[in-house]
């Protein structure tokens, strides 16, 4: 009764084979979490370089790690592209050629509008693409810093468009909930608008704040400077790509922020105590209300 | 031989009597740290309200807590004004009237130029004023959140002017070192310039960033937004006063930051990949170099 056993083994796991394309901090963390929660019979990681392959194996983020994208993707029920945002669409173009019918293709990148519309044009009827963006990560990068726990209570946005397969969306939602995430379904446009305020803007501001410091001011760094500039230690290549892929919403968020800072500046200049207080109190109320504060 | 015992008891402690005027988070933390390190025979806290007095007593931040400023200050070797910045000069005016000869008066407020020049005009030859600003604190306030450990490895700026008594400066330096701080002696002007970049600017930016969020974006809050807006939960009254007392350096720091953010904005708008990368890399280098990172 081998087939019964095989069948049971498959249905007891959420997926039979998961391929993770790009095994850095994010892909590695997904691999660790999938293995910990036993959501797949097999987790295959895909790297571009032999050195990365060895690092991923040492970090034990997948059952096996290969440089052969086509082979890894073949027969997978779920393919997760966890490469830097600038490479996601190109990799998706290769994946869809080798993926089996009805398998789910997903990603973990920011900038959903650009990515989702490009991949939806690529993926034929047989492959179901659902865009995803787990709002988790770190200013650190690399598979060595991967952790199964980073998705716990993290918001995971899944994108829904006219072309999204509802069944795949549901399955992917259950997958992310199993990893500890809070799933939120949004259109790619809404995702980008919210993420530009909640993520791209804080990064842009943090980088600019860091660049404004000099050798002496950093010696006086207390909690405020340390916290506000932490994400300015994030990967410049990655953030260059995110800013350029989400150029519109990012610029809009920066403009909106600049207007607010200008208001505060004018109120300080004109010594308008009540205006300053109202500004700071409203800001504090929003900050106090951020989930997990 | 009572006088010998009394004398020994005094010389074995760094100070005989320390009065802490204002027992909130900062004053309370100093009280706890002084008691822990046994730096004084007696620590007296001063509050304005009976309810605050009871809270301070419950938090055990001083040997006794009184509403009588004159009585607390009389006979003290060291008087530390740990009230909000807007009240420091007014309180100093009262303290100097009751302090004994050669006692040290100090504070813990930001905005050193305004505070130091005002108090130096007040304090006569007999009282030695040395301005101080421990770069430690919290977005939380209140004596309940006081902790002896917040000064560990924190930079503590002491101000030095033409009128500063060198012996008092040395004693106060040893006091702060005993509480775990790294003492840095600066002119009030230099302090304000550095602190405006390292502390006032991050606070202004954090408040503006928080105010730019909306109800939906905060739902997507990941580490970047949480970290960059943490200090926007700080006390609005306190920060209104700091911004107004250090108006000049604060506005200068905001202008410098705005120019940098504008550069990034233009580079994104014009899709200048290399310029963006250079900007982010330089910022990352500064952020990575912040002490304690």
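The values are calculated or read from the model by the stated rules, or taken from the named source; none is laboratory data. Note that the structure is a prediction, hence the values are computed from the model and not measured. Note that each Cβ is placed from the backbone with ideal geometry, even for glycine, and that neighbours are counted across all protein chains shown.
Can you name every residue in the stretch B:208-218 that is part of a helix (DSSP H, G or I) and farther than 17 Å from residue A:266 by Cβ? Walk me through how you get there before you give the answer.
Residues of the stretch B:208-218 that are part of a helix (DSSP H, G or I), as a first pass: B:208-211, B:217-218.
The answer is B:209, B:210, B:217, B:218.
Consider residue A:241 carefully, then state whether it is farther than 25 Å from residue A:142 by Cβ and in contact (Cβ under 8 Å) with a residue 12 or more places away in the chain. When the stated conditions are applied, residue A:241 does not pass them.
For residue B:191, are the conditions met, namely being in contact with a strand residue (DSSP E or B) (Cβ under 9 Å, 6 or more places away or on another chain), crowded, with 23+ Cβ neighbours inside 10 Å and facing chain A (nearest Cβ under 9 Å)? Spelling it out, residue B:191 is indeed in contact with a strand residue (DSSP E or B) (Cβ under 9 Å, 6 or more places away or on another chain), crowded, with 23+ Cβ neighbours inside 10 Å and facing chain A (nearest Cβ under 9 Å).
Mind listing just one residue for me: the one in the stretch B:150-164 that is within 14 Å of chain A (Cβ to nearest Cβ) and touching a helix residue (DSSP H, G or I) at 6+ places or on another chain (Cβ under 8 Å) and, of those, surrounded by the fewest Cβ atoms within 10 Å (Cβ to Cβ)?
Initial filter on the stretch B:150-164 (within 14 Å of chain A (Cβ to nearest Cβ)): B:150-159.
Okay, now just the ones that are also touching a helix residue (DSSP H, G or I) at 6+ places or on another chain (Cβ under 8 Å), so B:150-151, B:155-159.
Numbers: B:150: 23, B:151: 23, B:155: 21, B:156: 23, B:157: 27, B:158: 25, B:159: 26.
Selected residue: B:155.
Has the stretch B:276-287 got any residue that is closer than 30 Å to residue B:84 by Cβ, surrounded by fewer than 19 Cβ atoms within 10 Å (Cβ to Cβ) and either more than 7 Å from chain A (Cβ to nearest Cβ) or in contact with a strand residue (DSSP E or B) (Cβ under 9 Å, 6 or more places away or on another chain) (or both)? No: the stretch B:276-287 contains no residue that is closer than 30 Å to residue B:84 by Cβ, surrounded by fewer than 19 Cβ atoms within 10 Å (Cβ to Cβ) and either more than 7 Å from chain A (Cβ to nearest Cβ) or in contact with a strand residue (DSSP E or B) (Cβ under 9 Å, 6 or more places away or on another chain) (or both).
Which one of these is farther than 20 Å from residue B:151 by Cβ, touching a strand residue (DSSP E or B) at 6+ places or on another chain (Cβ under 9 Å) and either outside the structural domain of residue B:144 (by TED's automatic domain parsing) or crowded, with 19+ Cβ neighbours inside 10 Å (or both): B:40, B:82, B:92?
Values: B:40 fails: farther than 20 Å from residue B:151 by Cβ; B:82 fails: farther than 20 Å from residue B:151 by Cβ.
Step by step, each of B:40, B:82, B:92 is checked, and only B:92 is farther than 20 Å from residue B:151 by Cβ, touching a strand residue (DSSP E or B) at 6+ places or on another chain (Cβ under 9 Å) and either outside the structural domain of residue B:144 (by TED's automatic domain parsing) or crowded, with 19+ Cβ neighbours inside 10 Å (or both).
Only one of the listed residues (A:227, A:241) is crowded, with 19+ Cβ neighbours inside 10 Å and more than 7 Å from every other protein chain (Cβ to nearest Cβ). That residue is A:241.
Filter the stretch A:152-175 for residues that are within 20 Å of residue B:217 (Cβ to Cβ) and not in a loop (DSSP other than H, G, I, E, B) and give the result. Outline the logic, then answer.
Step one: of the stretch A:152-175, the residues within 20 Å of residue B:217 (Cβ to Cβ) are A:153-160.
Within the stretch A:152-175, A:155, A:156, A:157, A:158, A:159 qualify.
Determine if the stretch B:218-231 includes at least one residue that is under 22 Å from residue B:25 (Cα atoms), outside the structural domain of residue B:135 (by TED's automatic domain parsing) and under 15 Å from the mean Cα position of the chain (by Cα). Checked against the condition, which is being under 22 Å from residue B:25 (Cα atoms), outside the structural domain of residue B:135 (by TED's automatic domain parsing) and under 15 Å from the mean Cα position of the chain (by Cα), the stretch B:218-231 yields at least one hit.
So is residue A:205 within 7 Å of another protein chain (Cβ to nearest Cβ), modelled with pLDDT under 95 and assigned to a helix (DSSP H, G or I) or not? Don't jump to the end; show me each part of the working.
Values: within 7 Å of another protein chain (Cβ to nearest Cβ): yes; modelled with pLDDT under 95: no; assigned to a helix (DSSP H, G or I): yes.
So residue A:205 fails the test.
Would you check if there is a residue in the stretch B:165-177 being modelled with pLDDT of 95 or more, in contact with a helix residue (DSSP H, G or I) (Cβ under 6 Å, 6 or more places away or on another chain) and surrounded by 18 or more Cβ atoms within 10 Å (Cβ to Cβ)? Taking every residue of the stretch B:165-177 in turn, none turns out to be modelled with pLDDT of 95 or more, in contact with a helix residue (DSSP H, G or I) (Cβ under 6 Å, 6 or more places away or on another chain) and surrounded by 18 or more Cβ atoms within 10 Å (Cβ to Cβ).
Suppose we filter the stretch B:261-272 for residues that are within 7 Å of chain A (Cβ to nearest Cβ) and assigned to a helix (DSSP H, G or I); how many remain?
Filtering the stretch B:261-272 for residues within 7 Å of chain A (Cβ to nearest Cβ) gives B:261, B:264-265, B:268-269, B:271.
Filter once more, so that each one left must be assigned to a helix (DSSP H, G or I): B:261, B:264-265, B:268-269.
So the answer is 5.
Within the bounds of the stretch A:117-128, is there any residue that is away from every other protein chain (no Cβ under 13 Å), crowded, with 21+ Cβ neighbours inside 10 Å and under 24 Å from residue A:232 (Cβ atoms)? For the stretch A:117-128, residues away from every other protein chain (no Cβ under 13 Å), crowded, with 21+ Cβ neighbours inside 10 Å and under 24 Å from residue A:232 (Cβ atoms): absent.
Got a sec? Which of B:229, B:275, B:250, B:258 is over 30 Å from residue A:281 (Cα atoms) and assigned to a helix (DSSP H, G or I)?
Working: B:229 fails: over 30 Å from residue A:281 (Cα atoms); B:250 fails: over 30 Å from residue A:281 (Cα atoms); B:258 fails: over 30 Å from residue A:281 (Cα atoms).
After applying the criteria, what remains is B:275.
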